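Bear in mind that the values in this text are calculations on the coordinates, not laboratory data. On a predicted model such as this, the values are computed, not experimentally measured, just so you know. Methodologically, a virtual Cβ is constructed for each residue, glycine included, from the backbone with ideal geometry; neighbour enumeration extends over all protein chains shown.
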Amino acid sequence: MIEIRQEKTPEEHCFSYLAPRIRGAVQAIRWEDRSRIQEVRLRAGRPLAVSLGMREHFVMINGNLTDYPNQGIPVTRTEVEETFRAVCEYSVYRYVQELREGYITLRGGARVGIAGTAVYENGVLSRMRDISSLNFRIPKQMCDCAVPLAEQTLLRGRASLLIAGAAGAGKTTMLRDLCRLLGEGNRVSLIDTRGEIAGILHGIPQYEIGLHTDVFDGFPRSEGAYTALRVMTPDYIVCDEIGTPGDADAILQMYGCGVHIIAAAHAGSMEDVMQRPFLQSLIQAGVFDYIALLGTGAHQGELQKVRRVKASC
């Protein structure tokens, strides 16, 4: 009899990087709670913690969750280092660029934030050493979370959209669901530079991203967009968080080709969006028809405001 091997879920794939004792404790968490985990935090010399919703809990050796730090598993420096090496696929030098940015994206879409001691060479951050903390951020599929936004913007007619929000506001989750909604009836090219939106594993998206959505996984935004324009004739190009003048230049060139664009940017308010020079240039050029702002804290992921913008803004 041929045994059919099931692929790991994104959560299982993420947990597989953890040091054995830590992994055993996380996998012992009851399923109802384990399926809701948003973050797993390893801090050397301090208790293992997981975040569910907006609260952080400590993990006991038997998988029970507690609010008392002294009851949680103390994570050793060796376990942090062992987990870090696994995240880097036991070749830290392959991830020098990612370490400069402070995170590594895993297959399946999880992002691992890394804290440690900065090492500068010639005034430039070159690497990190003495890794002290790791934060596994586990992405979630939230179907229909983008419906209110789509009804106010894209479902009124084809348009371009910028989604703004602070860290943890749910921009990636919103982009994922917009891909799913739009991809049912439009040709969508997703430029998934960091592999977070589709969570491609062995060529197959781990999340629902739409029947007609094509994924350019790991491509730099400009190269992925130009390739998509040449070979996929998309109605929409979707890209993850833009944050540099180079990203803005690439989006301006896409806009010049007549395709509609959906992108995300880090910003805490509408005023913040308008004050960032590289976003200003896109708005003044008329690239985006709408700007949407997502909430944080108790309003994480909620649509706070939608603004119709024009080139004269």
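Consider just the alpha-carbon atoms of segment 10-137 and return their Rg together with their Dmax, both in angstrom.
14.6, 50
Once you put a point 7 Å from the Cα of Glu271 and another 7 Å from the Cα of Asn70, both along the Cβ direction, what distance in nm separates them?
About 4.6 nm, to one decimal.
For Thr78 and Arg43 in the same chain, what is the full-extension length gain: residue separation times 0.36 nm, less their Cα-Cα distance, in nm?
11.5 nm
Over segment 147-308, what relative contact order in percent results from Cα pairs under 8 Å that are six or more residues apart?
Numbers: 318 pairs, mean separation 51.2, N = 162.
Reported relative contact order: 32 percent.
Sort 205-213, 111-119 for me by packing, meaning the mean count of neighbouring Cβ atoms within 10 Å per residue, highest on top.
The densest-packed peptide leads the list: 205-213, 111-119.
Just to be sure I understand: if I project the alpha-carbon convex hull of segment 149-243 onto a plane and average over all orientations, what area do I get in nm²? Display every interim value, and only then the final one.
Numbers: hull surface 24.0 nm².
Mean projected area of the Cα convex hull: 6.0 nm².
How long is the gain from Arg307 to Arg55 if the chain were fully straight, where each residue apart is worth 0.36 nm and the alpha carbon distance is subtracted?
Length difference between fully extended and current span is 87.6 nm.
Counting only C-alpha contacts under 8 Å and six or more residues apart, can you give the relative contact order of the chain as a whole percent?
Numbers: 642 pairs, mean separation 45.7, N = 313.
Relative contact order, the chain: 15 percent.
Helix-derived [θ] at 222 nm for the chain: sum -39500 (n - 2.57) over DSSP H runs of at least 4, divide by residue count, nearest 500? Before the final figure, lay out the partial values.
On the way: 11 runs with 90 residues, N = 313.
Only helices count here, giving -8000 deg cm²/dmol.
Using alpha carbon coordinates only, what is the Rg to Rh ratio of segment 147-308, with Rh defined as the Kirkwood radius?
That ratio equals 0.93.
Taking the simple approach of a point 7 Å from Cα along Cα-to-Cβ for both Arg230 and Phe278, what is their distance in nm?
2.4 nm
How far apart, in nanometres, would the label points at Arg85 and Arg129 be if each is projected 7 angstrom from Cα along the Cα-to-Cβ direction?
1.7 nm
Would you please state the base-10 log of I(q)/I(0) at q = 0.12, 0.17, 0.29, 0.30 1/Å for segment 258-313, with intensities from the Debye formula using one equal scatterer on every alpha carbon?
-0.28, -0.55, -1.33, -1.39
Taking the Cα centre of the chain as origin, sum charge times position over the Cβ atoms of Lys and Arg (+1) and Asp and Glu (-1), and report the length of that vector in debye to the nearest 20. The partial results should precede the final answer.
On the way: 35 positive and 36 negative charges, 65 e Å.
Approximately 320 debye in magnitude.
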